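The values are calculated or read from the model by the stated rules, or taken from the named source; none is laboratory data. The shown structure was predicted, so the numbers you read here are calculated from the model rather than taken from an experiment. Backbone-built Cβ (ideal geometry, glycine too); neighbour counts: all protein chains shown. Keep in mind that these areas ignore ligands, DNA and RNA; they rest on the heavy atoms of the full protein, side chains included. Shrake-Rupley method; radii C 1.70, N 1.55, O 1.52, S 1.80 Å.
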Amino acid sequence: MLSVVGRYFIFLGKLFTRRETLKVYWERFIDECIGIGVSSVFIVAIVAVFIGAVVCVQTRANLVSPVIPVYVVSNIVRDMTLLELSSTFMCVVLAGKVGSNIAGELGTMKITEQIDALEVMGINSASYLVLPKLLASIFTFPLLAIISGFLGILGGYLAGTLSGIITPEDYIYGIRYSFIPFNVFISIIKAIVFGFLISTISAFQGYNTRGGALEVGQASTSAVTNSCIAVLIADYLLAELLT
């Protein structure tokens, strides 16, 4: 276990040595932003809307006390969405989509000796292949978190108002009531950290693949599993530090 952690940190160090020109990274960065961020908007939107709707309905179903005002429903939807659903839950979903894609891509390049060919040409393959993915993840994950937060609250609004469990006025009032702006930044900070963990762990698993097609599949599975575990551990640590 410790040897794997050590090789992971050595791998991180290789990303920032013998780098290529900025123009090369810029072109690859744009491509990775499209592949990692833009292609994930649809799944993030679907998950965010329905999770927000479910939280709204379930919260109202469990608020049976007449003492509790109805606007507390949207208050809970807002805080749960900003603090956890738009960052942690979204990144667990992205670990399956983005993480498996990164590990599978690099693993295939490894077993077909494309990475070895880059090394023969004098190119730092780790930096050339992984660093744009890392930068794209750090850039796009916070944007996806913002979209997820907005759509989660919107999903709660649609579910609450269309089903008649809360009026539009009460929902808007609950969103504004005792709002803490720093919660938005907590979501963004979490997304940046999770983007770093998912991209680097998945790249590490794919880059060190040995064998054939079976091992590529195993590397993708390990990438998703390890990324999810890292996200959950980091979520706890960040919750302790930021709240």
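Quick rundown of the values:
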item	result
Local electrostatic count at F196 - Lys and Arg +1, Asp and Glu -1, tallied over other residues with Cβ under 13 Å	+2
Segments 110-118, 50-58 sorted - mean Cβ within 10 Å per residue, highest first	50-58, 110-118
Accessible area of the chain belonging to carbon and sulfur atoms, whole % at 1.4 Å probe	72
Quotient of C-alpha Rg and 2.2 N^0.38 Å, computed over the range 67-136	1.88
Point-charge dipole on Cβ atoms (K/R +1, D/E -1) for the chain, about Cα centre, debye to 20	200
Candidates T161, T225, T108, ranked by Gaussian network fluctuation over the chain, Cα under 10 Å, top entry	T161
Cα gyration tensor of the range 158-212 - equivalent ellipsoid semi-axes, whole Å, descending	43, 17, 4
Computed P(r) (all Cα pairs; the range 115-157; 10 Å bins; percent)	26, 26, 20, 16, 10, 2
Equivalent ellipsoid dimensions for the range 192-243 as semi-axes, Å, which come from the Cα gyration tensor, largest first	27, 9, 6
log₁₀ of I(q)/I(0) at q = 0.26, 0.28 Å⁻¹ - the range 118-191, Debye sum with one point per alpha carbon	-1.12, -1.18
Surrounding net charge for L85, when Lys and Arg each add one and Asp and Glu each subtract one, Cβ distance under 13 Å	-1
For the range 225-232, Karplus couplings with θ = phi - 60° (6.51, -1.76, 1.60), whole Hz, Gly/Pro x	4, 5, 5, 5, 5, 5, 4, 5
Cα gyration tensor of the range 1-105 - equivalent ellipsoid semi-axes, whole Å, descending	41, 18, 12
Residue-level accessible surface for I146, protein heavy atoms, 1.4 Å, Å²	90
Computed over the chain, the ratio Rg/Rh where both radii use C-alpha atoms and Rh is Kirkwood	1.07
The range 1-86: trypsin sites (Lys or Arg not before Pro) falling in loop per DSSP and having at most 15 other Cβ within 10 Å	R18, R19
From phi via Karplus (6.51, -1.76, 1.60), per-residue ³J(HN,Hα) for the range 187-203 in Hz, x at Gly/Pro	4, 5, 4, 4, 4, 5, 5, 5, x, 4, 5, 5, 5, 6, 5, 5, 5
Å² per residue, accessible surface of the range 129-243 at 1.4 Å	46
Mean projected area in nm² (Cα convex hull; one quarter of hull surface) for the range 101-243	11.1
Shape call, the range 1-57: gyration tensor on alpha carbons, a/c limit 1.5	oblate
Largest-first principal axis extents of the Cα set of the range 70-184 (Å)	66, 27, 14
